[in-house]
Amino acid sequence: MAVGSAAQGSSKRPLWIALGIVVLFGLIAYSLFRQASAVDRPVPYTNDADYFKYGSISSDVHGIPYWIWVTMPEVCRGDLPGGYASLGVIQEPGKPTPIGFSIRKVGFVDQVGPNCGLCHTASVRSTPQSTPVVYLGAPAQQLNLMGYFGFLFSCGSSPSFTTENVVAAIEQHKPLSFLERQIYSIAVPRVKKALIEGSVQFASITVGRPPWGPGRVDTFNPYKVLVFHDDMSKDKSIGTADFMSIWNQQSREGMWLHWDGNNDSLDERNLSASIGAGATPKTLSDSANMAGITRIKNWITTLPPPRYPFPIDGAKADAGARIYEAQCASCHEEGHKGYGAVIPLAYLKTDPERQLAFDEAMAAKMNTIGEGQPWAFHRFHSTDGYASHPLDGIWLRAPYLHNGSVPTLAELLAPPAERRSTFYRGNDVYDPLRVGFISDVAGTGSRHFYLFDTHDRGNGNGGHLYGTDLSPADKDALLEYLKTE
């Protein structure tokens, strides 16, 4: 009996050892899973300019997994034949994303989200064959932001967007482990669900309104859906306006900001823009996320406006300085009464839709954002016009007026009847003669430019009659001086 018992115990020992190994590996796997699940780490950058281009503002907390995002143009090839580049994003060599996208490790995966650099980085070429020069802090007039979001929602809703197709596309770039395959089997359906839901919200603020076109965005209507969950079925407002330059912010401290001058706090302007890019009041309550936005704010505070890169006729510019003082300085030069003020539409006579879209009810809602937080909004209000701003770097802020309805400074000095009623937006080839971007070309390569029609609601190019009655020689001199701003 003793021998039999010993033999039986010996035969069970491997089972206990195997069971112990399984339990051990299970505990290790569980521990690794817990540790990975707790990971929430944006990619760090030591250089402030790099942080502006690629650093997190916390939109990536709820971003799209990196490899899903990368392969979406391949999975839904018919929706975006030219890839993301066809939308006017700027891709630097060797970088994992174009400028304006950050990466954050969340759990097991890297996630991608937009940041300030997406809408505030421009490319400029002197000829169609030239290498683009990148300007940080400039309005991204070449960026088709509506096309970008439209593609994401269209692809996510497509029958082609399946786990099988996404995994196959990713494996064209890199091999996937068994664990990674399991992760994407969970992630793809979740991304699809979120994008389908987002497409409904997106439609509620775009259908029935003119397309944004490159270089523009409906700034505050998205808040009504994404933040306040408003019913947009009866709201027909159009808040579409051009991206603004964000360099030299120290000169704008205390000034009325946004196109309609609805806030005078740089902090509230920056945070509201971050929420517009995908941050949320919850992600902004995290001190690390707030530190990233503060870092960008500090950098753009002293970021100088870019110098005009083409030749300037010095004598003509000197003559134009006197004309500028007489025609423009009262609103656009520090120390003058109209500088940084809101100019009523009764005087400006420009398109009213952007101003009308932000009324007192909307201002009251905006002032509820961040309640209980030290950064809570409280400076929003409605106005009766549009704010005058400094003209620093004005050469790179084309097209002109708040809605980008005038392609060049030369046309802004012409009476409204002589301004073009249609032109193409999105080209980054510069026109030094008229001071703006080439706008009579329908497309180049994979880029198809947007035909902007000033007859569409919200796109009017009237008003701002200042300087329109100058002589041709004085207009030329003024244009030359404005190149120096």
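For this structure, a couple of remarks:
- The numbered conditions (1) out of contact with any Cys (no Cβ under 8 Å at 6 or more places or on another chain); (2) surrounded by fewer than 17 Cβ atoms within 10 Å (Cβ to Cβ) are all true for TYR466 except (1).
- A count restricted to the stretch 127-142 and to residues that are out of contact with any Leu (no Cβ under 8 Å at 6 or more places or on another chain), closer than 23 Å to GLY55 by Cα and open to solvent by less than 50 Å² (accessible area, probe 1.4 Å) stands at 2.
- Filter result for the condition that a residue is farther than 30 Å from ASP48 by Cβ and aliphatic (A, V, I, L, M), over VAL166, VAL227: VAL166
- Scan of the stretch 346-380 for residues that are closer than 24 Å to LEU470 by Cα, open to solvent by 30 Å² or more (accessible area, probe 1.4 Å) and touching a residue at least 60 places away in the same chain (Cβ under 8 Å), ordered by number: LYS349
- Count of the stretch 399-419 residues which are under 28 Å from the mean Cα position of the chain (by Cα) and either more than 15 Å from LEU482 (Cα to Cα) or modelled with pLDDT under 95 (or both): 7
- Evaluation of LEU266 against (1) in contact (Cβ under 8 Å) with a residue 40 or more places away in the chain; (2) in contact with an Asp or Glu (Cβ under 7 Å, 6 or more places away or on another chain) (one fails), failing number: (1)
- Selection from the stretch 413-437 of residues that are open to solvent by 20 Å² or more (accessible area, probe 1.4 Å) and touching a residue at least 12 places away in the same chain (Cβ under 8 Å): PRO415, PRO416, ARG420, SER421, THR422, TYR424, PRO432, LEU433, ARG434
- Members of the stretch 438-452 that are modelled with pLDDT under 95 and buried (at least 21 other Cβ atoms within 10 Å of the Cβ): none
- Residues that are under 28 Å from ARG209 (Cβ atoms), part of a helix (DSSP H, G or I) and open to solvent by 20 Å² or more (accessible area, probe 1.4 Å) within the stretch 143-190 comprise MET146, GLY147, PHE149, GLY150, PHE153, SER154, listed in sequence order.
- Within the stretch 334-345, considering residues that are in contact (Cβ under 8 Å) with a residue 12 or more places away in the chain and not in a helix (DSSP H, G or I), the one surrounded by the fewest Cβ atoms within 10 Å (Cβ to Cβ): GLU334
- Hey, SER251 touching a residue at least 24 places away in the same chain (Cβ under 8 Å), buried (at least 21 other Cβ atoms within 10 Å of the Cβ) and closer than 25 Å to ALA122 by Cβ or not: no
- Flag if THR383 is modelled with pLDDT of 95 or more, open to solvent by 30 Å² or more (accessible area, probe 1.4 Å) and assigned to a loop (DSSP other than H, G, I, E, B): no
- Applying the criterion of at least 1 residues that are in contact with a Pro (Cβ under 8 Å, 6 or more places away or on another chain), closer than 29 Å to GLY426 by Cα and modelled with pLDDT of 95 or more to the helices (runs of 4 or more DSSP H) found wholly in the stretch 1-99 leaves 66-75.
- A single entry from ASP456, ASP440 fulfils the requirement of being out of contact with any strand residue (DSSP E or B) (no Cβ under 9 Å at 6 or more places or on another chain) and either β-branched (Val, Ile, Thr) or part of a loop (DSSP other than H, G, I, E, B) (or both): ASP456.
- Against the numbered list (1) open to solvent by 10 Å² or more (accessible area, probe 1.4 Å); (2) at positive phi, ALA410 comes up short only at (2).
The values are calculated or read from the model by the stated rules, or taken from the named source; none is laboratory data. The model shown is predicted, which means the values in this text are computed figures rather than measured ones. Glycine also receives a Cβ, built like all others from the backbone with ideal geometry; neighbour counts cover every protein chain displayed. Side chains are part of the model used for accessible areas, which takes the heavy atoms of the whole protein and leaves out ligands, DNA and RNA. Shrake-Rupley method; radii C 1.70, N 1.55, O 1.52, S 1.80 Å.
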